[in-house]
Structures are given as structure tokens and as C-alpha cells.
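Heads up: the structure comes next, in C-alpha cells.
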Protein chains: 2
Amino acid sequence: METDVLAENRHLADHNRYTLRGAGVRSVDVMGTTGAGKTALIIKLSKIIMERGLRVGVIAGDVTGQDDYDRFQEAGVKAFNLNTGKECHLDANLVDKALDSIDLLDLDFLFVENVGNLVCPADFPLGTDSRLVVISVTEGDDMVRKHPMIFQDADIAVFNKMDLAEYMGVDVERVKDDYRKLTGGKDLMPTSVRTGDGIRELVGRLLD
Amino acid sequence: METDVLAENRHLADHNRYTLRGAGVRSVDVMGTTGAGKTALIIKLSKIIMERGLRVGVIAGDVTGQDDYDRFQEAGVKAFNLNTGKECHLDANLVDKALDSIDLLDLDFLFVENVGNLVCPADFPLGTDSRLVVISVTEGDDMVRKHPMIFQDADIAVFNKMDLAEYMGVDVERVKDDYRKLTGGKDLMPTSVRTGDGIRELVGRLLD
């Protein structure tokens, strides 16, 4: 039963991938726990990508409500609200339905902000070009060790709110080491939305 | 199918409740997202409860690994490690099995630290006397609006890391208002493990 659900999701993810690529839209699934700073990070990234002349949209995924959707709209980023009702993650079927209501020819880049959670989204690829996981220094320094699956599944891992690292007493090198070991040598990307550190490097990576 | 799973969980939760009460152990299920500060809060609370002559234990729930278990042991709090493997929440069956391996007559108070997540644990009571949800100011000020279910299910809601409220620019009153409206007048309990603010009030509530 579980295998069927995951296989069906992968099939629909492939469908989404063809739809997005067919329309010439680059896309990234942004995962991370509640409070990692996904929304603020996407807003910051979107503004820089828009400055470069690209058209950006965001699917704002949440269990309920439209708080993130409102934040995107207020920040001038075109957003589409997507509620899961009860589920702790987006899936390819929900994204498929959302894509039906979006004029993809109006977009060059699409962020999909997943539900805040480091466990559930790992098993459910959505069909985006890449998957990005955001953790923040306020979560401590054991995140990679506690949630290896999502870090293995993600193409890019961001270590956010670096401006708070010292105050939180977080061992940044330990987290970087954990991630390097888990992924066979990949580097965490440190960022701070507040100071702007690491943001342009991350944009470069997304547009690469 | 979903109904069966939830009904079976409630049945096992009742079983756990009788087991714990029969052994004279007070218990609380501590829920909250990754990084809300559950582990540090439980350590702080445990030390104060132990100072009052009570014997405290913690079931450290996580998807994988024993980082929290190690932190409890290092802090001198008797801990029991409980991994879900892949699941995003503890359930009554897992706790039932954990209780089998714990000498409950050695304990007066048991914390059950749930998996870091504001979505999944809501539907799965474990059989503890009460359920506590922890959010922190680093998660922003829309947590109650985004996750109404878990705040409705919890008996106590804690707003942690208050020492960072100003730096994070969080509208504390807004969160308190959201919680009050959702619960028909209940108050969020502000805490800071760093400064100790609100900790004794919370201990009082747990031992009440």
C-alpha cells in the first residue's frame, strides 16, 4: 500500500516535471521545518531573481490558511495558495492541480514552498528540477543527524539565520561536517536573510 | 482505514493512561516543531521537578538516532530512547512498548518528547495526563493560525525563547491573541530557558 502511494506520487511528479519543463519554467521544492525561514528566504531570492529580469512565482504550501501567501503578495511576489487540509507535506497530485490553475507561460521560475516539516516531505518528490532543504541555527546543531533522509533527498541544503549562530551557541562546523559525511562531500550553504550573506551564492546555484 | 488507525491508537492510549496512573506516574506529551527548544525545556523543567524531590524520566522520541537521549543523560535526567524509524510522530503503540521496558515504580513524573513536528502528532494521543505544545519566537508569529489542530488538542501551550522576541521582531501579542481566540480564552505561557522566565510557572502548571 505504501509502495503504491509512493509509486503513484513519482508518476505524477514526472508528469509535473514535463509540464514545467515544457513551459520553460525552472522550479525548486523548498523544504524545511516550521520557522526555518523558508518564506523570508524565498522572498529574498525572488526579488534578486526578478531583478535579473526573470518572472517568478511561488506556490505557498501550508496545512491551512494563507499567511505565507499574504506575505508573498505583500512583498510583490506572485503567489498561489495551496492547502493540504491535514497532510504534513505537499504531494505531486496537489502540485499537479495547482499547476492547472497557473499560467506557466507567465513564469520563468517557480518556488514551491512545502509544508513546514523535516520528516514527511522527504518521500514525496513534486517534480521540481531540484529540491532544497532549509535549516536554521535556531534549530540547534543536530538537525542533519536527526533527519538524514531529507538531506539525502535534497539537492541543496541551506543553513539559515547565520546572524544568530553565535548567540545560539551553535557549532556550525559540526553541522557542516555531518552534512559532508552524509552526502559524500557536499557543502551546506550558509545564509542570512537579515544580513544578505550567502544569498547571491544561492541564487547562482538555483539559476545554474 | 484512517478511522481504524486513530481508534486503535485511542484504545492503546487509554491502556497507557491506566498503566501510568496505576504506577502513580504523572506524565506529559511534549510536542512542537524541530528547534522549538523541547529538549532544553524538558531538561530545565526536570531539574526543578527533581529539586522538589520527585523522580523524573524522559522518553526521547525521534525519527532516528539518540542525540536527545544523549543530551538528557548528560544533563543527569534519566532517559529512554524511542525511534519511530520513518514516522513523523510517536503513537500510543510505540509508547506502550517503551513503557514495558521502563521501571515505572522508579518514577514520579514522565516527559514524553514527541518527534519535532507541528502537524502529525495532533491526531495521536499517547495516553499521558496532559499534552503540551511548544512554539518559539524564532518560528515567527503565525504558528497558531497555521496549525490550529495541535493547539486545540494541547492542554498547555508554551511560547519559548522569549529572550529572542525583540531581535526576531515577533509580535508576541498577536500570537497570544490568536491562541486566546482559538481556545476560547486560554493563555499562552511565555518561557525562556536561557533567562529562566516563566519556567517555575510552567512547573507549577505541570504539577498542579
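Read the figures in this text as sums done on the coordinates, not as results from a lab. Because the structure is predicted, anything quoted here is derived from the model rather than measured. Neighbour counts are summed over all protein chains in view; Cβ atoms, including those assigned to glycine, are modelled from backbone coordinates with ideal geometry.
Extending 7 Å from the Cα toward the beta-carbon at both A:D171 and A:R52 defines two label points whose distance is 3.6 nm.
May I ask you to derive the relative contact order of the stretch B:73-122, considering only C-alpha pairs under 8 Å and at least 6 residues apart, and to give it as an integer percent?
44
Remark: B:M162, B:M149 ranked as B:M149, B:M162, counting other beta-carbon atoms within 10 Å and listing the fewest first. The rotation axis bringing chain B onto chain A passes closest to the chain B residue reported with its distance as B:T138, 2, by C-beta distance in whole Å. The loop-placed GluC sites (Glu not before Pro) in the stretch A:11-113, going by DSSP, include none that has at most 12 neighbouring Cβ atoms within 10 Å of its Cβ.
Across the stretch A:110-138, the residues whose backbone nitrogen lies under 18 Å from the label position 7 Å along the beta-carbon direction of A:D96 are A:123-129. If we count every other residue with Cβ under 14 angstrom of B:P148's Cβ, Lys/Arg +1 and Asp/Glu -1, where does the sum land? Around B:P148, the surrounding residues sum to -1.
Taking the DSSP bridge list for the protein assembly as shown and keeping only pairs wholly inside it, about 5 percent are antiparallel.
Sorting B:T84, B:T195, A:T191 on the 10 Å Cβ count, fewest up front, what's the list?
Ordered from fewest to most neighbouring Cβ atoms within 10 Å, B:T84, B:T195, A:T191 come out as B:T195, B:T84, A:T191.
When you restrict to C-alpha pairs under 8 Å that are six or more residues apart and normalise by the size of chain A, the relative contact order lands at 25 percent.
Just add up the charged neighbours of A:R52: K/R +1, D/E -1, any other residue whose Cβ is under 15 Å from the Cβ of A:R52. With Lys, Arg at +1 and Asp, Glu at -1, the net is +2. Coordinate range of the alpha-carbon atoms in the protein assembly as shown per principal axis, descending: 66, 47, 46 Å. Going from the fewest other Cβ atoms within 10 Å to the most, the residues B:C88, A:C120 appear in the order B:C88, A:C120.
Per residue of A:159-171, other chain Cβ atoms within 10 Å of the residue Cβ number 1 on average.
For the segment A:143-150, counting C-beta atoms of other chains within 10 Å of every residue's C-beta and taking the mean gives 4. In the assembly of identical copies, A:R174 has its label point, taken 7 Å from Cα in the direction of the beta carbon, separated from the corresponding points by 3.3 nm (ascending, one decimal). With 27 Å as the limit, the listed pairs A:K44/B:K161; A:K186/B:K161; A:K78/A:K161 have A:K186/B:K161 beyond it between alpha carbons. What separates the B:Q73 label point from its copies, with the point 7 Å along Cα to Cβ, is 5.2 nm, written shortest first. All other residues whose Cβ lies under 11 angstrom from that of B:I42 are scored, Lys and Arg at +1 and Asp and Glu at -1, for a net of +2. Take each residue in A:119-126, count the other chain C-beta atoms within 10 Å of its C-beta, and the mean is 3.
For a protection proxy built on the mean count of beta-carbon atoms within 10 angstrom, sort B:183-189, A:94-100 highest first, please. Provide the component values of the computation, followed by the final result.
On the way: B:183-189: 14.3, A:94-100: 18.3.
Top to bottom by mean Cβ count within 10 Å: A:94-100, B:183-189.
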